[in-house]
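Please treat every number below as a calculation from the coordinates, not as lab data. Here the structure is a predicted model, which means the values were calculated and not measured. No Cβ is skipped: glycine too gets one built from the backbone with ideal geometry, and neighbour counts run over all protein chains shown.
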Amino acid sequence: MARYIGPKTKIARKFGQAIFGDDKNFEKRKNQPPGQHGANKRRGSKKSEYAVQLMEKQKAKYTYGILEKQFANLFDKAHRSKGVTGEVLLQLCESRLDNVVYRLGFAKTRAGARQLVSHRHITVNGELVNIPSYLLKAGDVIAIREKSKSLEVIADALAYKANYEWLQFNDEKKTGTFTTAPERIQIPEDIKEQLIVELYSK
């Protein structure tokens with residue numbers, strides 16, 4: 001399966017949340033599921049336990065822009081860890097380089113952050129890294145490559161950056177430090193990770 005590049009509003013409406021960020025089209029039609037007739041009343045509105053769990057996993061995958069095999073590998077890693085599996089899973093998603101580039105405000109969306117990384121605009125501890133799924137460790141310093149600091153898309157994104165407790169941002173140098181993996185309460189995404197754990201435990 002290739003990475004999803006279709007209409008993002010359609011996916012956001014499917015989950016009833018603007019999972020890709022601000023979306024004017026979603027706000028207009030957020031109460032109407034995708035499809036010609038919206039919700040199909042003939043099939044009923046009650047979903048099975050499996051359907052609810054699967055929907056939550058799909059929402060997490062789309063939110064972080066992770067493919068099925070990558071997501072399964074992250075879950076396996078989380079399952080083998082000493083912590084709470086669901087929380088560790090989200091911590092691993094948050095530790096991905098593309099996500100941290102997005103959180104630091106270098107890009108307005110995770111897709112934009114993934115492109116910055118892939119196009120070799122980002123360094124980690126002074127070394128060029130072009131792998132969006134690269135997992136950061138506490139103390140890693142993320143920066144914009146010197147030649148790329150003048151990019152207009154980065155300047156525009158930084159104007160709207162938010163602050164997160166687990167990231168330190170140096171405005172003068174335009175660098176960020178991944179201080180530690182965030183606690184669950186610090187992760188703003190509306191994802192019910194326990195449903196994902198239950199799905200993989202079947």
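Dipole magnitude of the range 105-180 about its Cα centre, charges +1 at Lys/Arg Cβ and -1 at Asp/Glu Cβ only, in debye to the nearest 20? Show your work: numbers first, answer last.
Values: 11 positive and 8 negative charges, 46 e Å.
The dipole magnitude comes to about 220 debye.
What number, in nm² with one decimal, is the all-direction average of the projected area of the convex hull of the alpha-carbon atoms of the range 105-180?
Values: hull surface 18.4 nm².
So the Cα hull casts an average projection of 4.6 nm².
Would you please calculate the Kirkwood hydrodynamic radius of the range 48-202 over all C-alpha pairs and express it in Å, rounded to one decimal? Let's see the in-between values first.
On the way: mean 1/r = 0.0625 Å⁻¹.
The Cα-based Kirkwood calculation yields 16.0 Å.
Beta carbons within 10 angstrom, averaged per residue: use that to sort the peptides 115-124, 94-103, highest first. Numbers along the way, then the final one.
Working: 115-124: 19.2, 94-103: 24.0.
In decreasing order of mean packing, 115-124, 94-103 become 94-103, 115-124.
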